[in-house]
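To keep things clear, I will list the structure first and then write my remarks on it.
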Amino acid sequence: MIESILFTFGLGSVCGLILSFASKIFYVYEDPRIAKVENLLAGANCGGCGFAGCSAAAEAIVNEEAPVNACILVATENISEIAVIMGAEAGTAEPLKSYNNCDGGNRATDRFIYNGLNTCSGVASFYGGKRDCTVGCLGLGDCVRACGFDAIHLGPNGYPVVDREKCVGCGACEAACPKSILEVRTMSQRLLHLNASYDALAPCAQTCPAEIDIPRYIAHIKNGEYEEAVYTIKERNPLLLACGRVCPHPCESYCRRGIEDEPVSINQLKRFVADMEMNSGKRLPIECAPDTGKRVAVIGGGPAGLSCAYFLRRVGHRPAIFEAMPKLGGMLRYGIPEYRLPKKVLDWEIQGILNLGIEGHTNVRLGVDFDFGSLIAAGFDAVFFSVGAWNDYNLGIPGEDMDGCFTGIDFLAKIGNQEEVEIGRRVAVIGGGNTAIDCCRTLLRKGVDKVLLVYRRTRKEMPANEVEIVASEEEGIEFVFLAAPNKVIGNEENQVTGLEYLKMELGEPDASGRRRPVPVAGSETVLDVDMIITAIGQSPELGFRGKGDRLDDLDITRWNTFEIDPATGQTNVPYIFAAGDAATGASLVVTAIGGGRRAARSIDLFLNGKPVVPQPKALLNTHIPESIFESVDGVKKRQRTKMPELPVSERIHTFEETDLVISEADALYESSRCLGCCRLCYNKELT
Amino acid sequence: MGYFELIIACVFVNNILLAQFLGNCPFLGTSKKMETAVGMAMAVIFVLVLAGTITWLVYTYILVKFGLVYLRTIAFIVVIASLVQFVEMFLKKSIPALYAGLGIFLPLITTNCAVMGVCVLNIDKEFTFLQALVASLFYAVGFGLALILFAGLRERIFLARVPKPLQDTSIALITAGMISLAFFAFQGMV
Ligand SMILES: Cc1cc2nc3c(=O)[nH]c(=O)nc-3n(C[C@H](O)[C@H](O)[C@H](O)COP(=O)(O)OP(=O)(O)OC[C@H]3O[C@@H](n4cnc5c(N)ncnc54)[C@H](O)[C@@H]3O)c2cc1C
Ligand code: SF4
């Protein structure tokens, strides 16, 4: 008895002693975080995370080879604690969920049939699988078998459907899928993902500068799930009310239905659900990731600034917007007139964005009311520039500074700010873009007798949105094409009395493919006008530079825009980013929104101390060649829904909104016209 | 018994996995992928050679000497566990390359039943030290052989059509049973 007690005791002590000495002698420096993380893991050595045991998993987490929520067993609090140990980072403390990217399923065409092979990975190992589509679902359910939580089943259309309630985000399905159809991601990762060449994307979604998942939201509308449609849009575009009204919808030019029929009226559907949310009176709650405490200064509260701030906030950072004008919105407020985008609607939309917890400081202009140094001193970790393009180009002709001469942005901003402007009776607006048209239509509503639009090329070359040109034609605006202003004629009181122009004719095409206008000698003609507005383009106003701080080191292009890496939005000063008109030159609202999100992704990387590199294989609004068709079969011609609008006689006297929203029945009909495209397959219409 | 027969007996006839059914958990757990299976096999060889010889020494020179043979099991467990821990620390510091290859498997087989079983068998069969060393080495080789064979099969089974109730572990157990039957053919050779 005694011996055995003595023996066991002795053996224990000897082993213990040896081990404790060994741990001193053979001590290897190990990241102390590994031990901390390991303590927070389940300790079950189950291997569910894909690593051999918990200590291996802890090491992988600390070496950033595994996400902090790699362990499938621990509680959310532990994950948040691990996230704290690892330093705050977008998405870390958020739950992972599986998403299915392919809804083609059985409709995708088969290339080969392999009898007997009944798993996706088996089939995939032969020539990439039996389906024509290079990325699409093979439909044999490896993911269903891989899921240990019964969260995936194959839906009636032959592709996996994830039950988000049951999904624990373990990643087993993603690992099992040979095609990366199932992706296990956090909300933040999804918000910041840029369209990539391996994604399952319809041609319209590839074209959209904001990268909205268009077929998905249209499908939601078709099923009457309007809230889901709004959420789908808001994953990529926080300004859906504004875009639904003013976007020239480049997506529609690539709509597959448009090859055989008229394109789906994508933008009106967006406006329909956006208005639905606003008119319902209650805002759909928007989720934000846990706070990271990192602060970002956003200079300029236009679409680019609002979009960047929105995405930064949703992934957990703390953006603050600094805006020079009395209210936020940029050109949406001070450029685009009331009859196209009512201020009431814009206010509602912007308030929704600010409600997420974004500070908006208005009436503060960088370079006048505060300087760059004070921003940095205030502890902002990064700065985003979205100052737009507010400097009108001058014509460079004599007499341009007479009374009665205005520039486009200046004029519209005054109107937008409800300032009094002295308006003439007969007005010439010079230019062919949106600004020129908006000036014309605004003037008309202000009650002038005659508006002439003077453009040096022809209607075909006008850069303004087609719908805008049509609307202004209807409203009775007179176009003077192929006319190059030569000089402004005035009286003794320095007041404009006329505009002399030279007639032009179209010559050889220039670099942009448009035929270059050349003046016809001796063709001087005088227009009898008493007010002239020049709207021939804008460039950014960079007056805040040249004050001897870091901003002077910024590279500026010869168009006076910020020189950025187009894939990241980063400037040559690592903590300064830019997007929108300030980086691209005058462009579109959606482009500014897409740029803002792209920059938000880079700023997030930067705030986490990671290298700011372009996302691998990002499409950046190029197209996937195989998805662009010449012809499409299985399409029955069906009339595109007409946009309801105020009758011309009514609308030219008021600033009431001109374009109206389509009815629910029309929205349902229009959404049924969508072919629900992906890369290759789409829903054929049977006759 | 000559050493040749001993080797054949350990690897094939009395294969620790397929004839004695010891060490089934790592056998099922790490046989899904060939890469992991190879790593595991190496780790088992390494640990078994050490454990088999050390426990033989402990048994012969301590337990027998002091008449404490009845404490064999408990003593073996403590010795093997500490040994593996010690080796892990040693490798991490001195031979990091080897640690990177085997390290992650070591804690998983600390007191694996195959390890324990071989140590006990060495004693029961009254092996000499050299015989114990050879037996431990080749039992482990037999373990590795079975594991790697099995991983190869399972990689293929993954691509095949398996009825739902039989998927994953169940089909693995059935397959294991059949390989085990095949190994019965070696019975009676030595
Ligand atoms: C008249 C007009 C009509 C248009 N119509 C359309 C249309 O129909 N569809 C379409 O898609 N696009 C249209 N556009 C283009 C679109 O409005 C712009 O591309 C878009 O607004 C650019 O967004 P942004 O955020 O880059 O810049 P902006 O919207 O210009 O915003 C920049 C903001 O920065 C602020 N700011 C500038 N300097 C400072 C400073 N130093 N400190 C603080 N704040 C500063 C400005 O006050 C402004 O609020 C139109 C543009 C104009 C001018
Ligand atoms: S039919 Fe629908 S999915 Fe296809 S391109 Fe047009 S809008 Fe996009």
So, with +1 on the Cβ of K and R and -1 on the Cβ of D and E, and no other charges, what is the size of the charge dipole of the protein assembly as shown about its Cα centre, to the nearest 20 debye? 2900 debye
Starting from the amide H of A:E645, placed 1.01 Å from N in the peptide plane, find each other amide H under 5 Å away whose residue is 5 or more places distant or on another chain. A:L660
Given a Förster distance of 35 angstrom, what is the FRET efficiency for A:E225 paired with A:Q351, based on the Cβ-Cβ distance and rounded to 0.05? 0.90
State which helices in chain A qualify, where a helix is a whole DSSP H run, it must extend 18 Å or more along its own axis by its Cα atoms, and its mean Kyte-Doolittle hydropathy must be at least 1.0. A:2-25
Ranked A:H153, A:H653, criterion: other C-beta atoms within 10 Å, fewest first: A:H653, A:H153
Take the cross-link list A:K610/B:K33; A:K234/A:K343; A:K36/B:K92; A:K130/A:K684; A:K166/B:K33; A:K446/A:K487 and give me the ones stretching past 22 Å between alpha-carbons. A:K610/B:K33; A:K166/B:K33; A:K446/A:K487
Note to self, chain B gives a 222 nm [θ] from helices alone (DSSP H runs n ≥ 4, -39500 (n - 2.57) apiece, / all residues, nearest 500) of -21500 deg cm²/dmol
Using a 10 Å cut-off on Cβ to Cβ distances, tally the other chain neighbours for every residue of B:163-171 and report the average as a whole number. 1
Each residue of the range A:511-521 in turn: what ³J(HN,Hα) in whole Hz from Karplus with 6.51, -1.76, 1.60 and θ = phi - 60°, glycine and Pro shown as x? 4, 7, x, 8, 6, 6, x, 10, x, 9, 5
For the range A:138-150, in residue order, the Karplus 3J(HN,Hα) values (coefficients 6.51, -1.76, 1.60; θ = phi - 60°; whole Hz; Gly and Pro = x) are 8, x, 9, x, 4, 5, 4, 5, 6, 6, x, 10, 6
Inter-centroid distance (Cα atoms) of the range A:486-541 relative to the range A:194-259, Å: 39 Å
If you find the alpha carbon centre of the range A:582-633 and of the range B:54-125, how far apart are they in angstrom? 58 Å
Where Lys and Arg each count +1 and Asp and Glu each count -1, what net charge lies around B:V58 among other residues with Cβ under 14 Å from its Cβ? +2
Summed over the other residues with a beta carbon less than 10 angstrom from that of A:T654, with K and R at +1 and D and E at -1, the charge totals -2
Straight-line reach from A:K460: which lysines fall under 19 Å, measuring Cα to Cα and dropping same-chain residues less than 8 apart? A:K503
For the residues A:T292, B:T128, A:T134, B:T36, what sequence is obtained by ranking on other C-beta atoms within 10 Å, fewest first? B:T128, A:T134, B:T36, A:T292
Exercise: per-residue mean of other protein chain Cβ atoms within 10 Å, A:138-151: 1
What does the charge count around A:S55 come to, taking other residues whose C-beta lies under 15 Å from its C-beta (Lys +1, Arg +1, Asp -1, Glu -1)? -3
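On average, how many beta carbons from a partner chain sit within 10 Å of the beta carbon of a residue in B:81-90?
4
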FRET efficiency, 1/(1 + (r/R0)^6) with R0 30 Å, evaluated for A:K642 and A:N157 via beta carbons: 0.40
With a 10 Å radius around each residue's Cβ, average the other Cβ atoms per peptide and rank A:248-254, B:94-100, A:382-388, A:451-457, highest first. A:382-388, A:451-457, A:248-254, B:94-100
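Can you tell me the FRET efficiency between B:L130 and A:R283 if r is taken as the Cβ-Cβ distance and R0 is 51 Å, rounded to the nearest 0.05?
Taking R0 as 51 Å, the efficiency between B:L130 and A:R283 is 0.05.
Throughout, read-outs are computed from the coordinates displayed, never taken from laboratory work. Remember, it's a predicted structure, so these values are computed and weren't measured experimentally. Glycine gets a Cβ as well: all are built from the backbone with ideal geometry, and neighbour counts include every protein chain shown.
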